[in-house]
1. Need pairs with beta-carbon distance below 7 Å; first residue under 16 Å from VAL48 (Cα atoms) and within segment 66-87, second modelled with pLDDT of 95 or more and of a type in the set (Asp, Glu); sequence gap 6+ or separate chains.
2. Scan segment 45-85 residue by residue and report those that are acidic (Asp, Glu), over 21 Å from GLN26 (Cβ atoms) and in a helix (DSSP H, G or I).
Amino acid sequence: MKTFQLKYVLSLALAFFICLTPTFAQTATDEKLALQFFNNEEYDKAVVYFEKLYNKTNETSYYERLLQCYLYMEEYKDAEKLVKKAEQLYLKRAKAQHSRHQAVASSTVGMYD
């Protein structure tokens, strides 16, 4: 019985790993291409990859490079849209964090009286 369970768990873990590997590999490839195009000042090509990476991860580093690409290409409307999108994301995160802090604070009221 235990052998069956172990094989089942190992099979699931292996399947999970195999499914995720292409995603990580693709992100690494996209990042390499984005940086290569950016460093070669091929901003029109870099923007395609930075948009994809930023939309997938919302990482600040991708946001900054994407914004720089838009500005270098003088795509000010796209830059403005990106800034507004990032601002909304930041506000959403700040509100969620504030709510979590309030919940923690209210649960600890009276604990130290």
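1. Every condition considered, the pairs that remain are LEU66/GLU51; TYR70/ASP78; MET73/ASP44.
2. Within segment 45-85, GLU64, ASP78, GLU80 qualify.
The values are calculated or read from the model by the stated rules, or taken from the named source; none is laboratory data. Since the model is a prediction, treat every value here as computed from it, not as a measurement. A quick note on method: Cβ atoms are made from the backbone with ideal geometry, for glycine too, and the neighbour counts reach across all protein chains shown.
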